[in-house]
Structures are given as C-alpha cells and as structure tokens.
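The values are calculated or read from the model by the stated rules, or taken from the named source; none is laboratory data. Values in this document were obtained by computation on a predicted structure and should not be read as measured data. Positions of Cβ are backbone-derived with ideal geometry, glycine not excepted, and every protein chain shown enters the neighbour counts. With ligands, DNA and RNA removed, areas are computed over all heavy atoms of the protein, side chains included. Shrake-Rupley method; radii C 1.70, N 1.55, O 1.52, S 1.80 Å.
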Amino acid sequence: AVGYDPALHTIKEIDRLTKALNTAGIRLTPVTDNPIDKLWEKERPRPPAAGIIHHSIEFSGKSAAEKIAQVQETLKEGDQDAVLLTAPDSICWLFNIRGGDIKHTPVALAFTIVPKEGRPTLFIEPAKVGENVRGTLQSITDIAKPDELDGALKALAEQKAKVRLDPDSAAMRFAQALEAEGVTYVAGADPCTLPKAIKTKAEIAGARAAHLRDGAAMVRFLAWLDEVGETGRVDEVR
C-alpha cells in the first residue's frame, strides 16, 4: 500500500494515481496524520497571514453581489445546492478582494461555500480581515474560521445536499468528508472559471494600462543594457 495526504492531492490526481497503481497491484491509502508534518512541527514557519484589501469596482467592473448571483444561477441550472470553492484566485475574484499570501500573486488563502440561495460563507483566518475590508465583506458574505469548514460540510451532508466540487482543483479530503457522511459530491468545473475569463471593460482597460507600465519598464531596462553592456559596468543600475 502507498499512503497519501488527502489534503495535498486533488480528486482528479488521486483518481488517476489509483487507476495507475491498481494495474500494478498497489493500493492507495489516505493517511490521517502526515508524517512530514510531524517531523516539521517544531521548525515549521507560521502560515502566511497577509491582510486582504478591497478590489474596487473601478477596477473589477462588476460587483461581488453580481458575481455571487451569477454563480448561484449556475448552481440552480445544475440542480446543485452548493459549491465549495478552493482556488484562491476564484475566491478573490468572487468577493472582489486581493491578498498577499503568495509571492508575486495577489491572492488570499481561503475557502468558500456558496449556496444556491442565501449568503456565501468565507472561511479565512480572522487576522487577514481588517477593518478596511470587514464591513464590505460582511455586507455580502458570512465570515468563519478555516477550521469551521469541515463542520459546514458535515452539515450540508446531513441535509443530503448536492455539493459541487471541481475535481481539478479541490483536495481529495473534501470529497472524503462528504462521503464519510454518506453523500457523494457532484463533479463540476469551478463556476468562477468561465465568468472570470470574460473580462469587463474595466479589467480590459486595467490590463492595457499594466502593459503600458510594463513596456515602459522594459524599454528603460533595455536602454540601460545598451548603455552599459559593452563597458561591463552592469552594477550601475539606474
């Protein structure tokens, strides 16, 4: 048997590995406690806790309320009761927020359950939600701690809710949490992916402005390289 941590592998990845290993007579088994976590426990760095900020509609072009309604309409069309979002970029897009948990990528690490009706719940470390954004968020979503997510999934399972998970991005542990309560998840693409790809006029304008800034920076760099490249004085950065 080969053990794996269900929190670190997607549903699709485990399905693929299970089929591949079965042909060799090897059984894939989930482990409750990751042995690497136990070894790393004392010296492990603290999780990132960068504060989130509001992404103005001036730049997004669409309010979070409109986006939530769009996702809920997708759920109704698919006869699904809720969706668990696990991709940070989808969550930040949905709520019009940005974060700093990952270098060079303005996202916050969090999870979200969006029901087909009513308010979503954002599961995020409280330290990330400052007064600068709390009021705006609380007007559109409930806020809970990440360790409350399993309880929320259990509650949905007890209601025999049809919960949508994206096999390409959702960790296997979420499917197992539902299955432990006798409910099978509904496989479906992250409902934010397609609408997120369709850019608003504000987002298109922002992308063009960013390219202009980036182009100017590149031209300055190339001009500097031309000036000092032949002399070898590459430490003379302007």
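Only one of the numbered conditions (1) β-branched (Val, Ile, Thr); (2) without any contact (Cβ under 8 Å) to a residue 24 or more places away in the chain; (3) open to solvent by less than 30 Å² (accessible area, probe 1.4 Å) is violated by VAL183, and that is (2). Contact map, region 85-111: residues that are hydroxyl-bearing (Ser, Thr, Tyr) paired with residues that are in a helix (DSSP H, G or I) and open to solvent by less than 60 Å² (accessible area, probe 1.4 Å), Cβ distance under 9 Å, separation 6+ or inter-chain. Pairs shown: THR86/PHE174; SER90/LYS196; THR105/PRO88.
Meeting the requirement of 2 or more residues that are surrounded by fewer than 18 Cβ atoms within 10 Å (Cβ to Cβ) and of a type in the set (A, V, I, L, M, F, W, C), the helices (runs of 4 or more DSSP H) wholly within region 18-123 are 35-40, 57-60, 64-77. Considering region 186-211, and only residues there that are of a type in the set (Val, Ile, Thr) and within 17 Å of VAL83 (Cβ to Cβ), the residue that is surrounded by the most Cβ atoms within 10 Å (Cβ to Cβ) turns out to be VAL186. Scoring GLY151 on the criteria (1) touching a residue at least 12 places away in the same chain (Cβ under 8 Å); (2) open to solvent by 20 Å² or more (accessible area, probe 1.4 Å) leaves a single failure, condition (1). The number of residues in region 3-17 being open to solvent by less than 60 Å² (accessible area, probe 1.4 Å) and either among the β-branched types (Val, Ile, Thr) or over 27 Å from PRO146 (Cβ atoms) (or both) comes to 3. Scanning region 1-17 for residues that are part of a helix (DSSP H, G or I) and touching a Lys or Arg at 6+ places or on another chain (Cβ under 7 Å) turns up nothing.
So that you can scan it fast, the table gives a plain yes or no per residue for (1) polar (S, T, N, Q); (2) under 27 Å from the mean Cα position of the chain (by Cα); (3) at pLDDT 95 or above; (4) under 30 Å from THR10 (Cβ atoms):
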residue	(1), (2), (3), (4)
ASP166	no, yes, yes, yes
ALA175	no, yes, yes, yes
LEU194	no, yes, yes, yes
LYS201	no, yes, yes, no
ALA207	no, yes, yes, yes
GLU230	no, no, no, no
VAL234	no, no, no, no
ARG238	no, no, no, no
